[in-house]
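Working notes, beginning with the structure itself.
The values are calculated or read from the model by the stated rules, or taken from the named source; none is laboratory data. Computed from a prediction, not measured in an experiment: that's the story for all the values here. Every residue, glycine among them, receives a Cβ derived from its backbone with ideal geometry; neighbour counts consider all protein chains shown. Protein only, heavy atoms only, side chains kept; ligands, DNA and RNA dropped before computing areas. Shrake-Rupley method; radii C 1.70, N 1.55, O 1.52, S 1.80 Å.
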Number of protein chains: 4
Amino acid sequence: MAPTTQQPVAPDQAAPPATPPRGKGRPRSAAADLAILDATREALAELGWGGLTMGDVATRAGVAKTTLYRRWPSKNELVVDAVASLFDELEMVDLGSLRADIEAVVAQFATLLARPETQAALLALFAEGSRDPQLRRRIRERIVEPQKYLVQQGRAQAQSRGELGPDLDEVTAAEEIDIIFDTIAGTVEHRLLVSGRPITPAWIHRFTTLLLSPLGHPQEAG
Amino acid sequence: MAPTTQQPVAPDQAAPPATPPRGKGRPRSAAADLAILDATREALAELGWGGLTMGDVATRAGVAKTTLYRRWPSKNELVVDAVASLFDELEMVDLGSLRADIEAVVAQFATLLARPETQAALLALFAEGSRDPQLRRRIRERIVEPQKYLVQQGRAQAQSRGELGPDLDEVTAAEEIDIIFDTIAGTVEHRLLVSGRPITPAWIHRFTTLLLSPLGHPQEAG
Amino acid sequence: MAPTTQQPVAPDQAAPPATPPRGKGRPRSAAADLAILDATREALAELGWGGLTMGDVATRAGVAKTTLYRRWPSKNELVVDAVASLFDELEMVDLGSLRADIEAVVAQFATLLARPETQAALLALFAEGSRDPQLRRRIRERIVEPQKYLVQQGRAQAQSRGELGPDLDEVTAAEEIDIIFDTIAGTVEHRLLVSGRPITPAWIHRFTTLLLSPLGHPQEAG
Amino acid sequence: MAPTTQQPVAPDQAAPPATPPRGKGRPRSAAADLAILDATREALAELGWGGLTMGDVATRAGVAKTTLYRRWPSKNELVVDAVASLFDELEMVDLGSLRADIEAVVAQFATLLARPETQAALLALFAEGSRDPQLRRRIRERIVEPQKYLVQQGRAQAQSRGELGPDLDEVTAAEEIDIIFDTIAGTVEHRLLVSGRPITPAWIHRFTTLLLSPLGHPQEAG
DNA sequence: CTGTAAGCGAGACGGTACGTCATGTCTTATT
DNA sequence: AATAAGACATGACGTACCGTCTCGCTTACAG
């Protein structure tokens with residue numbers, strides 16, 4: 001790893017709602033947490049966001065509604081947590097070249113977004129998040145940031161390989177990461193979820209070309 | 001094929017649900033349609049998708065629920081129609097260069113997406129559309145295709161200016177339009193609605209550079 | 001009937017909650033009212049006050065909970081109305097003597113209080129009424145006053161027969177009616193519902209004797 | 001049978017649920033019992049029967065719900081015990097004449113029934129008791145019988161004074177006590193709790209006259 | 001003096017009913 | 001035939017208590 005490279009740190013990627021500060025009474029059942037999240041994902045895939053009801057999730061999980069509400073104040077927060085774990089499977093591998101790395105991660109992302117529970121959940125969460133700043137923050141922490149971290153990682157790998165020059169300054173680097181991240185995530189989501197067209201290896205190749213082409217014109221970037 | 005061949009045609013951009021075939025009894029009030037759509041946009045901006053109720057829209061519009069349901073079968077279709085007209089203000093102007101044209105349309109789109117009723121509606125519609133194929137079709141017809149048409153227009157303008165070569169074949173052209181469209185729409189939406197960061201002229205400049213850079217490396221594209 | 005006798009007027013003894021002032025929309029289903037009151041009495045007899053739930057009443061009546069709540073704001077008011085009609089069967093007959101009249105009405109009252117739905121309802125209503133002045137007023141209007149009216153009637157009959165002298169003044173007459181009424185109703189209820197002992201013809205005879213004995217000592221009464 | 005024969009014995013008038021047979025572990029806190037009963041009476045006066053919840057009582061008493069349920073199986077039994085002690089204050093004094101004795105005890109009873117916790121509790125208990133035979137038995141033991149004992153006492157006092165003749169036979173005596181008791185208790189309760197009218201010295205005088213008048217016509221009684 | 005058995009506060013648990021709300025349909029009378 | 005008004009069946013909502021359960025901690029008697 002290059003000497004001055006930014007030292008990205010993966011944000012925490014799990015942890016149920018919040019650990020109760022101290023245990024006085026009966027401790028919360030850990031099994032219930034898992035059962036609820038599983039039930040949420042299952043219901044989500046079957047019924048979609050609109051069809052998902054708290055009561056149904058509770059029933060599927062073999063849990064009382066109260067137990068559910070004790071942990072998650074609303075459908076939104078519940079689904080964030082239930083869905084967030086799906087994104088844990090995304091990972092940046094080092095395939096030896098920037099193009100290969102990008103294509104791999106785009107393919108991973110596309111595969112993930114093709115799953116019905118992800119489709120139903122992701123846009124719905126974004127939609128709700130556009131109204132509720134707290135939810136938006138939670139989405140960002142649990143879903144978006146972990147994804148962005150992949151871009152940081154890929155960039156660092158490319159720098160250590162010498163494909164990219166070192167960061168000129170932190171601000172510019174952050175902006176570059178932002179724009180690349182929004183472009184990858186936004187474009188893939190839009191094609192799959194809005195345009196409703198499949199993401200093929202050929203499409204990935206062409207899209208990666210688009211992403212990589214500025215590297216031949218470094219003077220224009222920024 | 002001649003350079004200017006592609007003869008894009010703007011799809012119909014308005015028209016309330018469907019004109020009743022012929023009038024026997026009392027004709028439908030045209031004023032009601034407008035009042036309903038206005039009320040929908042107003043309620044949408046105030047309450048967001050989740051807070052919007054049919055009863056409330058009817059009350060705001062000074063109309064009975066019956067009247068509302070007679071015209072639009074559900075909340076989804078109503079909001080599509082109410083929101084679609086907002087997108088009519090997008091238009092491709094000819095500023096003399098491809099970069100300027102792109103920057104202008106991106107800026108327009110960003111401005112539109114900054115309005116609260118658009119924010120509330122767009123992602124919510126996409127979310128609902130991911131479950132309901134009919135709604136998806138309707139969204140595509142009324143909202144997505146008119147936007148994609150702008151890309152076609154811009155491309156045609158650039159070709160007529162000589163900035164872009166003529167279409168090699170129709171399929172490739174359509175694919176190029178698709179990828180550019182998904183990239184522009186997806187990226188702008190993701191930055192504004194998911195990442196929650198503003199779209200500034202500087203960002204537009206950098207993003208446009210990304211879009212334009214493949215043009216300097218035509219051998220790599222595709 | 002004697003010339004100056006007080007002219008008692010039976011209070012209204014039925015009428016669902018309140019007639020909606022004027023009918024603009026769809027009128028309320030009269031069948032629903034009856035079905036609900038029947039269902040209430042049925043559920044009351046089966047499950048008692050504590051076991052009676054609004055949801056269950058609605059289901060039995062084949063009616064939505066909303067419909068039920070639209071008419072009666074709470075279990076209390078509903079049961080008042082459901083039970084009040086049971087008391088309509090009480091009536092003062094003229095058997096030719098004061099003793100016979102009293103014994104007849106006490107027997108009627110005892111028979112009514114032996115029915116399970118009456119037992120379950122009456123004390124529960126009184127209990128709730130001890131907290132809620134509005135409910136108390138309603139109970140008084142719909143249940144208590146119609147009973148007291150029987151005492152007035154019996155007194156008037158006895159006066160017209162000459163068994164009782166005419167009223168000396170209105171206040172004293174009202175007080176006498178009150179004390180007789182509270183004694184009859186309270187004693188019968190206490191024996192049946194609290195002491196839990198049956199009311200037999202012999203008991204009625206002895207109790208009536210108690211009620212009538214002051215008539216031999218008119219100088220002491222008052 | 002000799003005049004003073006009847007040897008009435010006052011039933012036990014207190015004692016928390018049941019003393020655990022023998023102590024192995026930590027003994028139950030006696031303070032908790034008192035705190036719970038106090039809290040119950042307090043909550044009863046404030047919130048009435050319907051508003052009283054076990055959790056609230058526990059909180060007021062500074063006690064865990066478990067502790068409460070370990071001692072009383074349900075709200076009913078708890079309230080019986082909490083209220084029963086209120087009736088301990090009733091006592092038959094010897095004022096030298098039957099009329100004075102009756103008027104005194106009626107006044108005591110009326111005063112007791114004027115207290116809000118008594119009002120809230122008494123009818124509610126009777127109501128619940130009309131469904132639950134076990135509760136009814138408990139009410140009878142703890143509340144009703146101690147009251148009836150006062151009638152026995154008063155009767156015995158009058159007999160020892162010579163105001164009343166000796167018992168003819170036990171059955172008739174018991175029936176007379178029953179009828180007098182139901183009449184006093186029922187009438188006072190009905191006037192206060194159902195009719196909702198105050199009990200004044202004048203009313204007590206008139207009511208006592210009613211009770212005493214059969215004594216002037218012994219041939220009719222029975 | 002150390003088990004061990006019960007009591008205790010706390011609070012999570014599976015339930016059940018609550019009373020409210022929005023949906024989309026229906027019945028009126030009116031236009 | 002369309003309209004405004006509003007009743008209707010349905011079904012989810014989020015809350016409140018219920019009575020039970022599991023914790024970790026005192027007590028107190030027993031060996």
Which listed residue is closer than 22 Å to D:Q153 by Cβ and modelled with pLDDT of 90 or more, from D:S85, D:S97: D:S97
Only one of D:A185, D:A156 that is under 23 Å from the mean Cα position of the chain (by Cα), at the interface with another protein chain (Cβ under 10 Å from one of its Cβ atoms), open to solvent by less than 40 Å² (accessible area, probe 1.4 Å) and in contact (Cβ under 8 Å) with a residue 12 or more places away in the chain: D:A185
The range D:106-120, residues that are open to solvent by less than 60 Å² (accessible area, probe 1.4 Å) and facing another protein chain (nearest Cβ under 9 Å): D:Q119, D:A120
Identity of the residue in the range A:121-136, surrounded by fewer than 21 Cβ atoms within 10 Å (Cβ to Cβ) and of a type outside the set (K, R), that ends up nearest to the chain's Cα centre (by Cα): A:L135
Selection from the range C:186-204 of residues that are under 20 Å from D:L123 (Cα atoms), β-branched (V, I, T) and at pLDDT 95 or above: C:T187, C:V188
Subset tally (residues that are surrounded by fewer than 13 Cβ atoms within 10 Å (Cβ to Cβ) and not charged (D, E, K, R)) for the range B:85-105: 1
Failed item in (1) open to solvent by 30 Å² or more (accessible area, probe 1.4 Å); (2) under 18 Å from the mean Cα position of the chain (by Cα), with C:R191 passing the rest: (1)
Selection status of B:D101, within 16 Å of DNA strand E (Cβ to nearest atom) and among the acidic types (D, E): no
Residue in the range D:163-172 that is within 8 Å of another protein chain (Cβ to nearest Cβ) and hydroxyl-bearing (S, T, Y) present: no
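A quick yes/no check of all residues on (1) within 16 Å of DNA strand F (Cβ to nearest atom); (2) modelled with pLDDT of 60 or more:
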residue	(1), (2)
D:Q13	no, no
D:P17	yes, no
D:R26	yes, yes
D:E46	yes, yes
Meets criteria (over 19 Å from the mean Cα position of the chain (by Cα), crowded, with 21+ Cβ neighbours inside 10 Å and either within 13 Å of chain B (Cβ to nearest Cβ) or more than 19 Å from A:A100 (Cβ to Cβ) (or both)) for A:F207: yes
Counted residues, the range D:60-98 - those being free of Cβ contacts under 8 Å to residues at least 40 places away in the same chain, more than 14 Å from DNA strand E (Cβ to nearest atom) and more than 18 Å from D:A121 (Cβ to Cβ): 2
